There are 2 protein chains.
Amino acid sequence: MQGVETTRVAGAGSGLTERQGAVLEQALRLLVDGGERALTTAGVARAANCSKESLYKWFGDRDGLLSAMIAFQASKVRTLDVSAEALDAAGLRAHLVAFAEDLLNVLAGDVSLALNRLAIGQASREGSKLGRLLEERGRRQIGRRAGALLEAGRKAGLLAFGDADEAYGALYGLVVSDWHLRMLLGEDPGGLKKNFGRRAERAVDAFLALYGRKG
Amino acid sequence: MQGVETTRVAGAGSGLTERQGAVLEQALRLLVDGGERALTTAGVARAANCSKESLYKWFGDRDGLLSAMIAFQASKVRTLDVSAEALDAAGLRAHLVAFAEDLLNVLAGDVSLALNRLAIGQASREGSKLGRLLEERGRRQIGRRAGALLEAGRKAGLLAFGDADEAYGALYGLVVSDWHLRMLLGEDPGGLKKNFGRRAERAVDAFLALYGRKG
DNA sequence: CTCCATCAGTACCGTACGGTACGGTTCGCC
DNA sequence: GGCGAACCGTACCGTACGGTACTGATGGAG
């Protein structure tokens, strides 16, 4: 398990070796299990069977490690593009419901919650560098998927809206409401994931009532 | 400035002396300015011109101090009850818009953001005690105001909804969308507060399109 | 075989924090 | 005036963390 390593982690051209990816995986596990206080350099080194010196060599700094964790996690989540098939009303609704349910499941994920908590905790100092990173890598991705979907709906004459951002904001708000914040605050999400499908359908129906062309 | 102190802080029956309230005020200032890392016992003692010993005597613990800060801040924010006047459509809309704008302004407040960041940062460990406290003291309050408003609208035949919680969730989502999270992540709210009025109106119009009786 | 780069493991250092203990001072009360 | 309670300021202690330096082992390159 030593010597020069040349194989790189696939995807995103992240420039990380597999070893470094495994280290980041362990770091994410520590973060999810114990929060930011559990994410110490010594702890990561112990959990990943590597030396602290290597951590500093690879990531330069503790903040570098945090940034690498966010980038690494984002590189693993790839949003599938919406197929450019011809949309009818039922198809659009199905796509929207699927998007809404995916959104809820992503936001409720362990790693997502832990990384959001981490970035929020560091938002006060350091100019919210992690926050911007998280927003760029996470939100922008899912926003693009939604934007493409909404645009396709408008092209097909099924949706009517002036500002796509406003329509997306309404969809996001109807789907998520204050759930994300409540989960971030630690509210037990036990069993609530069962209702995500129903919740997604209700939100999409409301969205279509607002922006659909044939009510 | 010493000796037995008997005067108590008004409201909420908090059982805090004025001195202790002033200390909590300074603690909140430190938290707002520098985040959780700046909120050290020594720092609070220095900023408030008190001794660490007194801090531990009054609040018992660092977590006790944090809890007291949340309770103290919540005791200062009192939501005005909606007047039980007869509502017409324009009046209901005005009330809803005022509520929405107040909600945005509260969520965008310095102290609110700092306390939410604090509670979220501690959500991983400690069983999210602070999160539950924050939710109970903050969210429940504003939720009651909204609930009363919605109920008044239904009584007046201006709103139609089956589940009041669901209607409130839709209103909240349309008003806030992902703004709260973005502000928690550190996105610069500079100048955005100017748009709160316009944003509130748009959200309320959408809400009324969904739940209003005469579209 | 020999050199060299990489890495794990550990010891180490400076610092900062939570929490406690102590001396000195002010104030109310008898 | 004297007593006691509350309190400030500071010193102190144990601990834990970020970051660095050193040692020894491993495996590839010439």
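The values are calculated or read from the model by the stated rules, or taken from the named source; none is laboratory data. Owing to the predicted nature of the structure, the values given are computational and were not obtained by experimental measurement. All Cβ positions, even for glycine, are placed from backbone atoms using ideal geometry, and neighbour counts span all protein chains on display. Accessible surface is based on the protein model in full, side chains and every heavy atom, while ligands, DNA and RNA are left aside. Shrake-Rupley method; radii C 1.70, N 1.55, O 1.52, S 1.80 Å.
Examine region B:101-114 for a residue that is touching a Leu at 6+ places or on another chain (Cβ under 7 Å), among the polar types (S, T, N, Q) and open to solvent by less than 30 Å² (accessible area, probe 1.4 Å), and state whether such a residue exists. Don't jump to the end; show me each part of the working.
Narrowing region B:101-114 to residues touching a Leu at 6+ places or on another chain (Cβ under 7 Å): B:111, B:113-114.
Add one more test, that the residue is among the polar types (S, T, N, Q), and what stays is none.
No, because not a single residue in region B:101-114 is touching a Leu at 6+ places or on another chain (Cβ under 7 Å), among the polar types (S, T, N, Q) and open to solvent by less than 30 Å² (accessible area, probe 1.4 Å).
Between A:Ala203, A:Ala160, A:Ala164, which is within 12 Å of another protein chain (Cβ to nearest Cβ), farther than 30 Å from B:Leu118 by Cα and not hydroxyl-bearing (Ser, Thr, Tyr)?
Selected residue: A:Ala203, the only one of A:Ala203, A:Ala160, A:Ala164 that is within 12 Å of another protein chain (Cβ to nearest Cβ), farther than 30 Å from B:Leu118 by Cα and not hydroxyl-bearing (Ser, Thr, Tyr).
Tell me, please, whether a residue that is more than 14 Å from chain B (Cβ to nearest Cβ) and either away from DNA strand D (no atom under 16 Å from the Cβ) or touching a Phe, Trp or Tyr at 6+ places or on another chain (Cβ under 7 Å) (or both) can be found in region A:49-62.
No: zero hits.
Residues being surrounded by 14 or more Cβ atoms within 10 Å (Cβ to Cβ) and in contact (Cβ under 8 Å) with a residue 40 or more places away in the chain: count how many of those fall in region A:77-97.
Count: 10.
Only one residue in A:Ala114, A:Ala123 is within 11 Å of chain B (Cβ to nearest Cβ), under 13 Å from the mean Cα position of the chain (by Cα) and within 30 Å of B:Gln122 (Cα to Cα), so which one is that?
One residue alone meets the criteria, A:Ala114.
Residue by residue through region A:179-199, note down the ones that are open to solvent by 60 Å² or more (accessible area, probe 1.4 Å) and at pLDDT below 95.
Answer for region A:179-199, where residues must be open to solvent by 60 Å² or more (accessible area, probe 1.4 Å) and at pLDDT below 95: A:Asp188, A:Lys193, A:Lys194, A:Asn195.
Looking at B:Leu184, B:Leu159, can you tell me which residue is in contact (Cβ under 8 Å) with a residue 60 or more places away in the chain and within 20 Å of A:Arg137 (Cβ to Cβ)?
None of the others qualify; the one that does is B:Leu184.
Which of (1) hydrophobic (A, V, I, L, M, F, W, C); (2) within 23 Å of the chain's Cα centre (by Cα); (3) open to solvent by 10 Å² or more (accessible area, probe 1.4 Å) is the odd one out, the single condition A:Leu149 does not satisfy?
Among (1) hydrophobic (A, V, I, L, M, F, W, C); (2) within 23 Å of the chain's Cα centre (by Cα); (3) open to solvent by 10 Å² or more (accessible area, probe 1.4 Å), A:Leu149 violates only (3).
Kindly evaluate B:Leu104 against the criterion of being at pLDDT 95 or above and within 12 Å of DNA strand C (Cβ to nearest atom).
For B:Leu104, the condition - at pLDDT 95 or above and within 12 Å of DNA strand C (Cβ to nearest atom) - is not met.
Looking at A:Leu118, A:Leu96 in this structure, which one is closer than 30 Å to B:Ala38 by Cβ, aliphatic (A, V, I, L, M) and assigned to a helix (DSSP H, G or I)? Before the answer, list the steps.
Details: A:Leu96 fails: closer than 30 Å to B:Ala38 by Cβ.
On inspection, the qualifying residue turns out to be A:Leu118.
Residues that are at the interface with another protein chain (Cβ under 8 Å from one of its Cβ atoms) and at negative phi: does region A:139-157 have at least one?
yes
Residue check, A:Asp81 against (1) more than 13 Å from DNA strand C (Cβ to nearest atom); (2) away from chain B (no Cβ under 14 Å); (3) modelled with pLDDT of 95 or more, all met but one. Which one?
(3)
Looking for something within 19 Å of the chain's Cα centre (by Cα) and crowded, with 22+ Cβ neighbours inside 10 Å - is there at least one such residue anywhere in region B:200-210? Please lay out each step first, then the result.
The initial filter retains those residues of region B:200-210 that are within 19 Å of the chain's Cα centre (by Cα), namely B:200.
Within this subset, residues satisfying the condition of being crowded, with 22+ Cβ neighbours inside 10 Å are B:200.
So far as region B:200-210 goes, yes, one or more of its residues are within 19 Å of the chain's Cα centre (by Cα) and crowded, with 22+ Cβ neighbours inside 10 Å.
Of the residues in region A:172-193, how many are more than 17 Å from B:Lys129 (Cα to Cα), more than 7 Å from every other protein chain (Cβ to nearest Cβ) and aliphatic (A, V, I, L, M)?
2
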